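Everything on this sheet refers to the single structure shown next.
The values are calculated or read from the model by the stated rules, or taken from the named source; none is laboratory data. Just so it is clear, the structure is predicted and the values come from calculations on it, not from any experiment. Every residue, glycine among them, receives a Cβ derived from its backbone with ideal geometry; neighbour counts consider all protein chains shown. These area figures cover heavy atoms from the full protein model, side chains too; ligands, DNA and RNA do not enter into them. Shrake-Rupley method; radii C 1.70, N 1.55, O 1.52, S 1.80 Å.
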Amino acid sequence: MRTRGRILIRGIVQGVGFRPFVYARATDLGIRGTVRNTGSQVEIDAWGDRFPAFLAAVSRGPPMARIDSVQVESLAGDPPPGFAILQSTEGALSGLIPPEIATCRDCTGDIFAPSGRYRGYWATSCVNCGPRYSIITGLPYDRERTSMAVFPMCPSCAAEYSDPSCRRHHAQTIACPDCGPQLSLLDARGTPIPSPDPISEAAQLLDDGRILAIRGIGGFHIACTGNSAGELKRRLGRTEQPFAVMVTPEHLERIACVSPEDREWLESPVRPILVLPKRDADSLTAVSNLHTIGCMLPYAPLHHLLFARLSHPLLIMTSANHPGYPMVTETDEAGEKLAGSVDFILTHNRRIVNRCDDSVIRDGFIIRLSRGIAPKRTRIDLGFPCILGVGPELNSNITVYAGGFAVTSPHIGHVRNPPTLTYLQETVERIGRFLGARYDVIAHDLHPQFLSTRYARELAAATGAALIPVQHHRAHVAAVTTHPCIGITIDGVGYGDDGHVWGGEIFSGQVPDLDRVAHLEEVPMPGGDLATRFPERMLYGILPGAETRSLLAGRGWDEIALGVLERQVDRSVHVAWTSSTGRVLDAVAAMLGTCRERTYDGEPAMRLESLAARGTARTWPLEYGTLDGCRTLSTRALCRVAFREYTRSAELALPERGKARADIAASFQYNLARGIATLAADAAREHGIPTVVLSGGVAYNRAIRETIRTGIADAGLTFLMNPEYPLGDGCISFGQCVWAGTMGR
Ligand SMILES: [Zn+2]
Ligand SMILES: [Zn+2]
């Protein structure tokens, strides 16, 4: 039995309290030796009879560590008298950028302890929790390279920092009321309101129905109680958009159905927003008019303290930004940009270096990859080149690949306006600098006009990197697997090989050689992007003719507008052709009167899903065709059945009419998904490939995803998704890197 050895642990070992963790295990097991951080690994020299138990314990690591490998080497010499933590050596840039960690149980205990240095302190943290990426200006992660550098430690904090037996030993974010950052309350214009206890004051204001901007970990939230939801929507001009809420753990159970998997996420150190089914679909409609509601638990000391003083158990907490734009992070910016939306501002003086929205999860799938998860590091072998993936246009992020790891940034937004493009460029610059990246290859979307494409071209011209365009839906598949597969991508829109708008695609082959073998029928989008905003246009594009015309006329469309729409479709002018899954769902939402104007991303399809959740699906006949060698599923045929049923339902009285429409929504989703699964299973048989992968934003729709999963499994095939990355466009930058990396082989 081994009684000594040098243990080398590689992975995410910085900023996660690894050394104090090792120290504690060594003390428990009577191990003598040393531990130190060399940048990319932890190196432990250990002597003792209980070495095997010690090795097993340290191999698991502290909760936030991600261990890639553990290696044991022989060790000569005599042990030191006890166990010591040695100074870090600044190793080469290691690619270890720690993400934020929600307040741990111990720190929560400290905040609410009857006495102690941390009682009531809003920025309490330790080696196991606290801000990380949001405050980092450089690596390795040390206090002088964070925005905590301007807060010199008081003697008490310094003593804990250097005490190996303390939980705050080497905690870079250690701070207390005497030496750390402070809160202040401001009016809407940014003028300070003197207050001895800004948190209690803020809680009182919220309880009174006021709307506050609250500066948190990665940016500002706009917060208010449920009672002020209507007023908030009015001020933000977002009357339909569902808001996320922060709730106490006790109240959560009353408003939402929480599965054990959801609970695990909710209580994890990530503490993301979970999109959960409401307990009562008709409750909290002012907060969310869907059957779901986005919920998170308090994750920072500030939140815990706020909820302890509030009489309401629930706060709306929405990111302070226009949808698709970067979140507001600076206090003076909040005073300028949010003056019309909020009554007061609760802020602090710790600089947010790197913006980080809340992460969003649904059914275990990441919708928004951000706080607590990103920067996300994945071990993957793409060879030697250094690759940058700049992402698509909407819901973008970036990925940098270097030396066996892909690192994906937090959510950036819709790269279709100058502020978001600037944020994208800053993120590329910053993460590139952290990783010491020198790009050999820059991968971008195939769309020639995207701002991200133009930026990729400029950067390539400046650095001499090679450019690789990657078709949007193939990048989706590449984000799931590099093995031979049938790849299904169902989403809103992406630029296709033929310049058409793709979005219901089935590929066959192996990245980077994927043939388009099947897709949804191509239908016109009259007026191009206008058809996205007004889904009734899409409905007419799919089902042109007298019946749809009279439906629209009955809803207030005037003769002139209808005439224009009719001519556009008849003559195919101002029309884009699309195989998008999202647009077809939009059209049905419009048909059923569920959503006539899209006011936020994905609204029509999400409302259709909510309606469908109340309905029962029936099997409808499916029609297939062929176009340019690809098999197609006729969405027109499905829409015709839906329209017939809809017309029939108009004769029913309430509530039967409502039930009938819910059944149409459920049936449409079910049969569309069934058709897609059939196309994929047929392709798998034809090409002799037993694995089918699924990606794309429509796959967040539980009914559609599960119907496809079942269809594929029933065909005896292997079904694969990648829950490590978003199903939506947050996986594209990673997929672009994978695609470009495999091209180079
Ligand atoms: Zn802690
Ligand atoms: Zn202090």
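Things worth noting here:
Results for (1) away from ligand 1 (no atom under 13 Å from the Cβ); (2) among the hydrophobic types (A, V, I, L, M, F, W, C); (3) without any contact (Cβ under 8 Å) to a residue 40 or more places away in the chain, shown as yes or no for each residue.
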residue	(1), (2), (3)
Ile101	no, yes, no
Thr108	no, no, no
Ile111	no, yes, no
Pro140	yes, no, no
Arg143	yes, no, yes
Pro155	yes, no, yes
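- Helices (runs of 4 or more DSSP H) enclosed by segment 95-212 - at least 3 residues per element that are open to solvent by 40 Å² or more (accessible area, probe 1.4 Å) and within 16 Å of ligand 2 (Cβ to nearest atom): 155-161
- Residue in segment 706-717 that is in contact with a Gly (Cβ under 7 Å, 6 or more places away or on another chain) and crowded, with 24+ Cβ neighbours inside 10 Å present: no
- Residues of segment 313-330 classified as surrounded by fewer than 21 Cβ atoms within 10 Å (Cβ to Cβ), under 25 Å from the mean Cα position of the chain (by Cα) and more than 13 Å from Phe243 (Cβ to Cβ), total: 4
- Selection within segment 587-642 - within 24 Å of Asp280 (Cα to Cα), open to solvent by less than 50 Å² (accessible area, probe 1.4 Å) and of a type in the set (Val, Ile, Thr): Thr594
- As for segment 12-22, it holds no residue that is open to solvent by 30 Å² or more (accessible area, probe 1.4 Å) and either in contact with a Ser or Thr (Cβ under 6 Å, 6 or more places away or on another chain) or not hydrophobic (A, V, I, L, M, F, W, C) (or both).
- For segment 225-241, the criterion of being within 16 Å of ligand 2 (Cβ to nearest atom) and either in a loop (DSSP other than H, G, I, E, B) or at pLDDT below 95 (or both) is met by none of the residues.
- Gly556 satisfies every condition listed in (1) farther than 22 Å from Val275 by Cβ; (2) assigned to a loop (DSSP other than H, G, I, E, B); (3) in contact with a Pro (Cβ under 9 Å, 6 or more places away or on another chain) except (3).
- For segment 687-717, residues that are part of a helix (DSSP H, G or I), touching a residue at least 60 places away in the same chain (Cβ under 8 Å) and out of contact with any helix residue (DSSP H, G or I) (no Cβ under 6 Å at 6 or more places or on another chain) total 4.
- In segment 513-536, the residues that are more than 26 Å from Leu679 (Cα to Cα) and open to solvent by 30 Å² or more (accessible area, probe 1.4 Å): Asp529, Leu530, Arg533, Phe534
- Here segment 682-700 is the region considered, the condition is being in contact with a strand residue (DSSP E or B) (Cβ under 9 Å, 6 or more places away or on another chain) and farther than 23 Å from Gly625 by Cβ, and the residue that is most open to solvent (accessible area, probe 1.4 Å) is Pro690.
- Here Gly219, Gly237 are screened, and the one residue that is closer than 26 Å to Arg598 by Cα and either open to solvent by less than 50 Å² (accessible area, probe 1.4 Å) or under 25 Å from the mean Cα position of the chain (by Cα) (or both) is Gly237.
- Taking the numbered list (1) within 26 Å of Leu186 (Cβ to Cβ); (2) buried (at least 17 other Cβ atoms within 10 Å of the Cβ) in turn, Arg271 passes all entries but (1).
- Qualifying residue in segment 509-520 (condition: under 9 Å from Ser579 (Cα atoms) and touching a Leu at 6+ places or on another chain (Cβ under 6 Å)): yes
- Among the residues of segment 621-645, the one identified as of a type in the set (Phe, Trp, Tyr) and under 20 Å from Gly582 (Cβ atoms) is Phe643.
- Checked against the criteria, Ala65 counts as open to solvent by less than 20 Å² (accessible area, probe 1.4 Å) and modelled with pLDDT under 90.
- Matching residues, segment 591-629, being of a type in the set (A, V, I, L, M) and over 34 Å from the mean Cα position of the chain (by Cα): Leu622, Leu627
- Residues being closer than 16 Å to Ala699 by Cα and open to solvent by 20 Å² or more (accessible area, probe 1.4 Å) - total across segment 643-677: 2
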